[in-house]
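**Student:** Got a structure for you, questions after.
The values are calculated or read from the model by the stated rules, or taken from the named source; none is laboratory data. Computed from a predicted model, the values in this text were never measured in an experiment. Note that we place each Cβ from the backbone using ideal geometry, even for glycine, and neighbour counts take in every protein chain shown.
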Amino acid sequence: MSNQDAASATPEPPSKRQRAIFMALALAWLPLGILVITLVRGLGFVGEPTALLYALPSLLVTVPFGLPLALACRQIHRMQRPRTAWVTFAVLAPLTALATIVAGLLGPIGIAVYAAVLSLPAWLLYALLRWRTAKH
């Protein structure tokens, strides 16, 4: 492979705007997922709009705990595996949001532990892909 081919195979780094959008979504997906699951389960805030205001502090606690999964999927995506990254996220994100609802009974530390443990399959997949790429 020539230097020109190698340069064209390397993706260009994301722009500041792309990084900002990613970080906003990486921080927002878990609280939004919990909110969606709550609404789907019928425990919604439709009948009691002020209940959402009371729930916001609990949802805001979960903001940083979505980062491990989002960052793992981003790493997979950067390896030129966008479909793999999205499928990984599509499988693990709902599971993480559901587990976070249960972990909420244990408090913020329980939520953090559940979210971190449920991001491990994505990190293991990333490690496997890196190993396979380095091997070839």
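**Student:** Just one of (1) surrounded by 18 or more Cβ atoms within 10 Å (Cβ to Cβ); (2) β-branched (Val, Ile, Thr); (3) modelled with pLDDT of 95 or more; (4) over 10 Å from the mean Cα position of the chain (by Cα) trips up Thr62, so point out which.
**Tutor:** Condition not satisfied by Thr62: (3).
**Student:** Another question, if that's okay. Taking Val36, is it at pLDDT below 90, exposed (fewer than 15 other Cβ atoms within 10 Å of the Cβ), of a type in the set (A, V, I, L, M, F, W, C) and under 25 Å from Ala20 (Cβ atoms)?
**Tutor:** yes
**Student:** Can you name the number of the only condition in (1) part of a loop (DSSP other than H, G, I, E, B); (2) at pLDDT 80 or above; (3) surrounded by 10 or more Cβ atoms within 10 Å (Cβ to Cβ) that Pro13 fails?
**Tutor:** Only one criterion is unmet by Pro13, namely (3).
**Student:** A further question on this structure: Answer yes if at least one residue in the stretch 75-92 is more than 12 Å from the chain's Cα centre (by Cα), of a type in the set (Val, Ile, Thr) and exposed (fewer than 14 other Cβ atoms within 10 Å of the Cβ), and no otherwise.
**Tutor:** Scanning the stretch 75-92, I find no residue that is more than 12 Å from the chain's Cα centre (by Cα), of a type in the set (Val, Ile, Thr) and exposed (fewer than 14 other Cβ atoms within 10 Å of the Cβ), so the answer is no.
**Student:** Within the group Leu106, Leu56, Leu98, which residue is aliphatic (A, V, I, L, M) and surrounded by 16 or more Cβ atoms within 10 Å (Cβ to Cβ)?
**Tutor:** Going through Leu106, Leu56, Leu98 in turn, the sole match is Leu98.
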